[in-house]
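Down below is the structure, laid out as structure tokens.
The values are calculated or read from the model by the stated rules, or taken from the named source; none is laboratory data. Keep in mind that what you see is a predicted model, and the values were worked out from it rather than measured. Cβ placement follows ideal geometry from the backbone for every residue including glycine, while neighbour counts extend to all protein chains displayed.
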Amino acid sequence: MKRLLWYLIAGTRGGINRARIIKCLQKRPYNANQIADNLNLDYKTVRHHLKVLKENKVIVSSGDKYGVVYFLSSDMENNLSVFEEIWENIKDEN
């Protein structure tokens, strides 16, 4: 998981927004529109990053269509210390 998170957050374009989404979902589950509003990001941008995070099993979803709510996956919850380490290394770079 550590290598995957380094890749998704620090190694690719848009990683800082993926990290911000993870930080947001640490607080509570949200739908894509709520995440876009909370982070002041375009809805389509958020949907793209949610798709990447879901494909890599960092987040999971519940519900359907516009009612889909996103949560951190169990694997991600078990590796939050790894995420925080990465976040501390990159947050001031952007």
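Numbers at a glance
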quantity: Residue, farthest from Tyr66 (Cα to Cα), within segment 2-40, restricted to residues that are in a loop (DSSP other than H, G, I, E, B) and within 13 Å of the chain's Cα centre (by Cα); calculated: Gly14
quantity: Test: residue in segment 21-30 that is in contact (Cβ under 8 Å) with a residue 60 or more places away in the chain and either surrounded by 15 or more Cβ atoms within 10 Å (Cβ to Cβ) or under 19 Å from Trp87 (Cα atoms) (or both); calculated: yes
quantity: First in segment 53-75 and closer than 19 Å to Ala10 by Cβ, second anywhere and small (Gly, Ala, Ser), Cβ under 8 Å, 6 or more apart; calculated: Lys57/Ser73; Val58/Ser73; Ile59/Ser73
quantity: Tally of residues being more than 22 Å from Lys2 (Cβ to Cβ) and either in contact with a Leu (Cβ under 9 Å, 6 or more places away or on another chain) or not in a helix (DSSP H, G or I) (or both) across segment 46-69; calculated: 7
quantity: Among (1) buried (at least 18 other Cβ atoms within 10 Å of the Cβ); (2) modelled with pLDDT of 95 or more, the one test that Arg47 misses; calculated: (1)
